[in-house]
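Peer 1: Here you go, one structure.
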Amino acid sequence: MQEDILALAFEGRHDVMKAMVLHAAGERLTLEERPIPVPGPNEIRVRIEACAVCRTDLHVVDGELPDEAFPIIPGHEIVGIVEALGAGETRHIVGSRVGIPWLGHTCGVCPYCTSHHENLCDNPLFTGYTRDGGFATHVVADAAFAFSLAGFDDPVAAAPLMCAGLIGWRSLKLAGDGHKIGLYGYGAAAHILAQVCRWQGREIYAFTRIGDSAAQELARALGAKWAGNSDEAPPERLDAAIIFAPVGNLVPAALRAVRKGGRVVCGGIHMSDIPQFPYSILWEERQILSVANLTREDAVEFLELAPRAGVKTTTNIYPLAQANEALADLRAGRFQGAAVLVP
């Protein structure tokens with residue numbers, strides 16, 4: 001083993017790993033074997049236990065994000081066991097469980113990084129997009145962007161927290177302190193965030209795909225005061241609305257649903273075009289905001305809060321080799337909660 005490796009692999013380690021690899025936008029992922037990666041300075045290698053499937057993975061696979069480079073291993077909601085340490089790494093211990101999110105590295109020197117806005121870094125790396133991610137048996141990560149999951153005993157249940165949970169939490173922070181919160185798109189992020197809001201004493205109004213009675217039933221089971229179709233008006237004016245569905249048409253709908261001074265937060269990395277809408281529904285100091293990535297502070301806050309709030313994730317398990325099926329089922333809305341790949 002190279003000198004910069006401070007800890008060796010667990011017993012039973014093989015010389016190759018398996019990964020679902022994307023070679024071009026719009027193609028199916030292919031199952032491949034690769035040499036197990038060696039962590040560089042201040043990096044860790046993680047043996048993956050579970051990786052949740054996010055709508056952002058669909059955007060990566062479909063080529064909807066800029067500057068994609070292929071081949072790439074998607075996946076950024078990773079839970080696994082630290083297997084090896086690179087030179088200089090002292091944050092983590094071999095054998096400990098960690099989570100690896102979307103934001104995989106920042107430069108640390110740009111104006112955003114030096115002003116507590118590292119989520120807007122000018123030179124970032126993103127897990128599963130600009131560096132290989134978690135649709136695999138192993139992954140190498142920047143140790144500073146991997147978070148301890150001590151106390152999280154179920155890796156499958158924890159995996160959706162690493163993006164659906166974190167981005168939901170950042171979206172809620174931007175939404176403000178309002179009591180009546182609308183959630184548009186009741187998938188992985190919304191079903192986690194609804195539990196946090198209920199714990200905080202807020203009211204949730206859930207908007208689903210038209211006719212998605214299963215999602216509406218889940219929303220009510222998780223404490224939503226109201227659940228209905230995305231084209232319906234809520235029974236009361238909302239203090240804020242968070243849009244997780246990548247549908248631009250929902251922005252005017254949410255603006256109409258919020259009170260004067262209310263906020264509409266767009267929680268996704270990609271959205272279809274927002275249609276033209278009358279100024280009158282924006283007037284009276286309503287606001288539209290977007291969420292970009294997350295900060296490490298967001299992760300620390302949420303991972304401390306989630307157990308206290310009693311957050312329980314609804315998961316649907318797929319073997320790693322069925323990543324294409326998981327993506328297709330997510331696109332079609334064939335399950336509630338989150339899909340999770342298990343090597």
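The values are calculated or read from the model by the stated rules, or taken from the named source; none is laboratory data. As the structure is a computational prediction, the values presented were derived from the model and not from experiment. Using ideal geometry, Cβ is built from the backbone for each residue, glycine included, and neighbour counts are taken over all protein chains shown.
Peer 1: Within region 319-343, which residues are assigned to a helix (DSSP H, G or I) and among the small types (G, A, S)?
Peer 2: Hits for region 319-343 are A321, A323, A326, A328, A332.
Peer 1: In the set D122, D132, D153, D142, which member is among the acidic types (D, E) and under 21 Å from L305 (Cβ atoms)?
Peer 2: That would be D153, the only listed residue that is among the acidic types (D, E) and under 21 Å from L305 (Cβ atoms).
Peer 1: Given the condition without any contact (Cβ under 8 Å) to a residue 12 or more places away in the chain and either under 22 Å from the mean Cα position of the chain (by Cα) or within 25 Å of L58 (Cα to Cα) (or both), answer yes or no: does some residue in region 212-233 qualify?
Peer 2: Checked region 212-233: at least one residue is without any contact (Cβ under 8 Å) to a residue 12 or more places away in the chain and either under 22 Å from the mean Cα position of the chain (by Cα) or within 25 Å of L58 (Cα to Cα) (or both).
Peer 1: Right, next: From the list R198, R237, pick out the single residue that is more than 24 Å from A306 (Cβ to Cβ), of a type in the set (K, R) and in contact with a Gly (Cβ under 9 Å, 6 or more places away or on another chain).
Peer 2: After applying the criteria, what remains is R237.
Peer 1: Mind counting the residues in region 74-88 that are part of a loop (DSSP other than H, G, I, E, B) and crowded, with 24+ Cβ neighbours inside 10 Å?
Peer 2: Within region 74-88, residues that are part of a loop (DSSP other than H, G, I, E, B) and crowded, with 24+ Cβ neighbours inside 10 Å number 3.
Peer 1: Among the residues in region 123-130, are any in a strand (DSSP E or B), without any contact (Cβ under 8 Å) to a residue 40 or more places away in the chain and either out of contact with any helix residue (DSSP H, G or I) (no Cβ under 8 Å at 6 or more places or on another chain) or surrounded by fewer than 20 Cβ atoms within 10 Å (Cβ to Cβ) (or both)?
Peer 2: Yes, because at least one residue in region 123-130 is in a strand (DSSP E or B), without any contact (Cβ under 8 Å) to a residue 40 or more places away in the chain and either out of contact with any helix residue (DSSP H, G or I) (no Cβ under 8 Å at 6 or more places or on another chain) or surrounded by fewer than 20 Cβ atoms within 10 Å (Cβ to Cβ) (or both).
Peer 1: Further, regarding this structure: Check region 317-326 and report whether any residue there is surrounded by 14 or more Cβ atoms within 10 Å (Cβ to Cβ) and closer than 13 Å to A164 by Cβ.
Peer 2: The answer is no, given that none of the residues of region 317-326 is surrounded by 14 or more Cβ atoms within 10 Å (Cβ to Cβ) and closer than 13 Å to A164 by Cβ.
Peer 1: Moving to a separate point now. Which of the helices (runs of 4 or more DSSP H) found entirely inside region 209-318 contain at least 3 residues meeting this: in contact with a helix residue (DSSP H, G or I) (Cβ under 8 Å, 6 or more places away or on another chain)?
Peer 2: 250-257, 296-309
Peer 1: Would it be correct to say that D298 is modelled with pLDDT of 95 or more, out of contact with any Gly (no Cβ under 7 Å at 6 or more places or on another chain), surrounded by 15 or more Cβ atoms within 10 Å (Cβ to Cβ) and not assigned by TED's automatic domain parsing to the domain that holds G133?
Peer 2: yes
Peer 1: Oh, and also: If A158 satisfies every condition in (1) touching a residue at least 24 places away in the same chain (Cβ under 8 Å); (2) in the same structural domain as V264 (by TED's automatic domain parsing); (3) buried (at least 24 other Cβ atoms within 10 Å of the Cβ); (4) of a type in the set (A, V, I, L, M, F, W, C) but one, which is the exception?
Peer 2: Exception for A158: condition (2).
Peer 1: Has region 107-121 got any residue that is hydroxyl-bearing (S, T, Y) and in contact with a Cys (Cβ under 9 Å, 6 or more places away or on another chain)?
Peer 2: So far as region 107-121 goes, yes, one or more of its residues are hydroxyl-bearing (S, T, Y) and in contact with a Cys (Cβ under 9 Å, 6 or more places away or on another chain).
Peer 1: Can you tell me which residue among A141, A159 is among the aliphatic types (A, V, I, L, M) and touching a Pro at 6+ places or on another chain (Cβ under 9 Å)?
Peer 2: A141
Residues checked against (1) of a type outside the set (G, A, S); (2) in contact with a Leu (Cβ under 8 Å, 6 or more places away or on another chain); (3) closer than 11 Å to A323 by Cβ; (4) buried (at least 21 other Cβ atoms within 10 Å of the Cβ):
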| site | (1), (2), (3), (4) |
| --- | --- |
| E32 | yes, no, no, no |
| P39 | yes, yes, no, yes |
| D57 | yes, yes, yes, yes |
| D67 | yes, no, no, no |
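Peer 1: Determine if region 112-119 includes at least one residue that is buried (at least 19 other Cβ atoms within 10 Å of the Cβ), under 16 Å from the mean Cα position of the chain (by Cα), within 23 Å of P37 (Cα to Cα) and at pLDDT 95 or above.
Peer 2: No, because not a single residue in region 112-119 is buried (at least 19 other Cβ atoms within 10 Å of the Cβ), under 16 Å from the mean Cα position of the chain (by Cα), within 23 Å of P37 (Cα to Cα) and at pLDDT 95 or above.
Peer 1: Also, I was wondering about something else. Kindly indicate which of A143, A164, A136 is hydrophobic (A, V, I, L, M, F, W, C), under 14 Å from the mean Cα position of the chain (by Cα) and modelled with pLDDT of 95 or more.
Peer 2: None of the others qualify; the one that does is A164.
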